[in-house]
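Here is the structure we will look at, set down as structure tokens.
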Amino acid sequence: MVHVLSSRTLLRPTDPERSRVFYGETLGLAVYREFGTGPERGTVFFLGGGFLEVSGRSDAPPAPGLQFWLQVADVAAAHAELVGRGVEVVRPPVREPWGLIEMWIADPDGVRIVLVEVPQDHPIRYRPGI
């Protein structure tokens with residue numbers, strides 16, 4: 001078995017600076033570390049229990065199958081804040097049939113990002129014996 005000590009998602013955007021601004025300033029993700037110099041330097045952002053590294057450059061946007069799932073405490077508050085920052089909302093918050101409240105946005109390269117709120121009564125929060 002592989003013992004994973006840490007992990008991160010590597011994102012190679014078509015315009016690294018535009019993506020750094022989106023994830024750092026627009027979404028407000030905290031920076032874990034930065035490395036390198038120049039326009040293709042790397043920035044690693046905190047993503048809850050993981051990391052998102054924006055570094056390098058790609059000639060084409062990431063594959064359409066790449067999506068991010070980000071849990072937030074309050075999707076309605078995140079919606080209001082992001083709309084206020086000019087983020088285009090792909091789909092506003094909706095309570096899904098499976099009980100989660102989900103809202104979809106996209107990064108500058110079209111990578112879809114779902115912001116998820118787990119309601120207090122959702123089974124994900126159930127901890128037997130506690």
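Brief remarks on what is shown
- Choice from Phe35, Phe51, Phe22 with maximal GNM fluctuation in the chain (Cα, 10 Å cutoff): Phe35
- Candidates per GluC sites (Glu not before Pro) in the range 23-60, loop by DSSP, up to 14 other Cβ within 10 Å: Glu40
- The chymotrypsin sites (Phe, Trp or Tyr not before Pro) of the range 72-130 meeting both criteria, a DSSP state outside H, G, I, E and B (loop) and at most 10 other C-beta atoms within 10 angstrom of the site's C-beta, are Trp98, Tyr126.
- For the peptides 114-120, 57-63, the ranking by mean Cβ contacts within 10 Å, running from highest to lowest, is 114-120, 57-63.
- Net charge of neighbours whose Cβ lies under 13 Å from the Cβ of Glu96, counting Lys and Arg as +1 and Asp and Glu as -1: 0
- The range 1-89: antiparallel DSSP beta bridges as a percent of all, rounded to 5: 70 percent
- The coefficient of translational diffusion for the chain, derived via Stokes-Einstein from the alpha carbon Kirkwood radius under 10 °C and 1.306 mPa s, stands at 99 µm²/s.
- Whole-number percent relative contact order across the chain, with pairs defined as alpha carbons under 8 Å at least 6 apart: 22 percent
- GNM result for the chain, Cα springs below 10 Å: residue of Leu66, Leu27, Leu47 fluctuating most strongly: Leu66
- Projected label points at Gln71 and Ser6, each 7 Å from Cα along the beta carbon direction, are separated by 2.2 nanometres.
- Relative to the dominant Cα principal axis of the chain, helix 75-84 is inclined by about 40°.
- Dipole in debye (nearest 20) - the chain, about Cα centre, beta carbon charges: Lys, Arg +1; Asp, Glu -1: 280 debye
- MRE, 222 nm, helices only [DSSP H, n ≥ 4, -39500 (n - 2.57), over the chain, to nearest 500]: -3500 deg cm²/dmol
- Each principal axis of the Cα cloud of the range 1-72 was evaluated for its coordinate range; sorted largest first, these ranges are 37, 26, 25 Å.
- Per-atom-type breakdown for the chain gives carbon and sulfur 56% of the accessible area (1.4 Å probe, protein chains only).
- The mean accessible area for residues of the chain, using a 1.4 Å probe and ignoring ligands and nucleic acids, is 61 Å² per residue.
- Annotation: amide H-H contacts under 5 Å for Gln71 (H modelled 1.01 Å from N, sequence separation of 5 or more, or interchain): Val116.
The values are calculated or read from the model by the stated rules, or taken from the named source; none is laboratory data. Predicted model, so just to flag it, every value in this text is computed and none were measured. We place every Cβ from the backbone using ideal geometry, glycine too, and count neighbours over all the protein chains shown. When the accessible area is computed, the model is the full protein with side chains, heavy atoms only, and any ligands, DNA or RNA have been set aside. Shrake-Rupley method; radii C 1.70, N 1.55, O 1.52, S 1.80 Å.
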